[in-house]
């Protein structure tokens, strides 16, 4: 069975608002690429991590042994799927490294990508 997201992307006509407003990809446009064999592939344009100083800080969290980003996001943002906001606020290219070091302080910020928040 094909992945539903891949089916949507491969259709080539995916407006950015097809993603939920809480998605990090909500305002990211799609584009198409042509392969050497002439096949057209739909994909998302690159998402750039916003500079942390452009976000509205709402707090901080000190990492404890065994913490996971989804649990931290659930407690601090109210939604475990918003772990990406923690990664953005802390300029993390490898989000899993944010919880490697107990005692490390994580910044909590509100994404400006989510309308109405």
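The values are calculated or read from the model by the stated rules, or taken from the named source; none is laboratory data. Just so you know, these numbers come straight off a predicted model, no measurement behind them. Positions of Cβ are backbone-derived with ideal geometry, glycine not excepted, and every protein chain shown enters the neighbour counts.
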Item to check | Count of region 57-86 residues which are over 16 Å from the mean Cα position of the chain (by Cα) and in contact (Cβ under 8 Å) with a residue 60 or more places away in the chain | outcome: 0
Item to check | strands (runs of 3 or more DSSP E) within region 15-106 that include 3 or more residues modelled with pLDDT of 90 or more | outcome: 56-62
